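What follows is one structure encoded as structure tokens, with my remarks underneath.
Read-outs: derived from the displayed coordinates by stated rules, not from any lab. Computed from a predicted model, the values in this text were never measured in an experiment. All Cβ positions, glycine included, derive from the backbone under ideal geometry; neighbour counts span all protein chains shown.
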Amino acid sequence: MNRIMPQNNHRLKHGVGIPNLRWYVAALLFTATVIAYVDLQSLSVVAPVLNKDLNLTNTQYSNILEAYLIATTCMYVIAGMLIDRLGNRITVAVFVAWWSIATACHGLARNALQLGTTRFLFGLGQAGIWMADEKAVSEWYPRQERAFTAGIVINAGASMGAIVAPPLIAWITFRFGWRAAFIAAGCLGLLWIPAWLLTYYTPENHPRITPEEYGHIKEFSSQNSAALSADESATGAIRWIDLLRVRQTWALFLGRVFSDPVWWFYLFWLPKYLRERRGFSLMEIGIIAWLPYLSAGIGSVLGGLFSGYLIKKSFSVLNSRKIAMLGVVVLMPLGMLIAFTHSSVIAVALVCLVTFCHMAWKTNLVTLTNDIYPTRIVATAGAIVGMGTGLGGVLSTHFVGEIIDKFSYTPVFVVFGLFHVVALLIVHSLVKRPLSEAKPTVLQEVI
């Protein structure tokens, strides 16, 4: 296959090329995702103290969480189209600055309304980073590396942020108060922006990419080469409404609707659950609560490695993703036992199993977006699919708060133990091939 060399290749003759540059990009995106999740989880870590200080009920707390999810859901498509049109470099810097300032403003809130407002503004900014991660993975990595990279950048980064947040935010809250915790978390993103602007460009325009690495990035397996060439040479615009006319979009969208609420629950409610039902103190939460997110990070990496291994063993890309997803979904119903065990040790161990399985699932589900859609519309497609994350989170979070206030945590654990099974059935039945292999559609006439 003919390779298109980078437009700036003449600069490399002067010795400024950096080998394996794509992994520097991955490290930068990983760091951004870590910061995003530290900021995101700050609220749940301080929730036991915050609820008492502001006299919040579980229903009011869930409404504040909904404000974030509604904002991200509404912003997904806008963020995706902006990133596809303007590129990652400037748009990501703007999004990170926005959410970082909004995070710091949480520390100024005096009541539930003000806290909900700052949470909404925070959500508007954070929608962009998830779309940017998917776009960058599509731009910078060949197909056989995408699941592994997405596992590191998106899911392991999210897990690492969730690991760091409990001890860090709990310690700051214990020493300086919950308001200082939000201000400190907000400063992290502002410190990251200069490194991003100095480092990130697309492979075609990067001044320090080597010819060897550029060739590796554009080198795909033989069965996908023809389809890829068509994708890379395609021109013209595409409307987001056209993506709704193919069943693959609906499969990934509904897969997120049913599976991501489980993650939102464990992310937002776990510290409160440990405090209210297991009797953990704030410092004990800081010491223990990071373990489920560590297991989630391990699951995200192993899930990507496993499907990548199957691809190397000549399994098709889609079948590799599906097999990896099936392997962890069968274990998800064990999460129902959390509600019935009297042992806090067993409960935390089961939570770790659930988060491990969810992130192994999520790595492959996210990577399917890169497998199915042409690179130049990945952010727009990912935005529509990402709306499923927000919609599922909004609907589930609303009911979670009311169920806990009126009943207990038990019905929540039982129902969420079955959600991934439903999601897998939807994805398996509707995703049969990438768009480039499908029969002609209105969408393909555009691309």
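Things worth noting here:
- In this simple spin-label model, placing a label point 7 Å from the Cα along the Cα-to-Cβ direction at both Arg110 and Glu284 gives a separation of 3.6 nm.
- Subtracting the Cα-Cα distance of Glu212 and Ile323 from 0.36 nm times their residue separation leaves 36.7 nm of extension gain.
- Candidates per chymotrypsin sites (Phe, Trp or Tyr not before Pro) in region 393-422, loop by DSSP, up to 12 other Cβ within 10 Å: Phe407
- Cβ-based exposure ranking for Met283, Met359, Met387, in which fewest neighbours within 10 Å come first: Met283, Met387, Met359
- Helix axis angle, 419-430 relative to the chain longest principal axis, alpha carbon, degrees: 20 degrees
- Highest-MSF residue in the chain out of Thr355, Thr341, Thr33 [GNM, Cα springs under 10 Å]: Thr341
- Selected from Pro261, Pro194, Pro374 as most flexible by GNM, with the chain as the system and alpha-carbon contacts under 10 Å: Pro194
- Summing Cβ point charges (Lys, Arg +1; Asp, Glu -1) relative to the Cα centre of the chain gives a dipole of roughly 180 debye.
- Gaussian network model of the chain, Cα within-10 Å springs - most flexible of His358, His342, His428: His342
- Per-pair calculated FRET efficiency, R0 = 41 Å: Leu305 and Asn55 via Cβ, rounded to 0.05: 0.30
- Linear extension gain, Val330 paired with Asn20, 0.36 nm per residue minus alpha-carbon span: 107.9 nm
- Modelled label reach - Thr202, point 7 Å along Cα→Cβ, region 132-156 residues with backbone N closer than 18 Å: 132-143
- Entry for volume of the Cα convex hull per residue in Å³ (calculated from the structure that is shown) out of (i) 127; (ii) 151; (iii) 138: (i)
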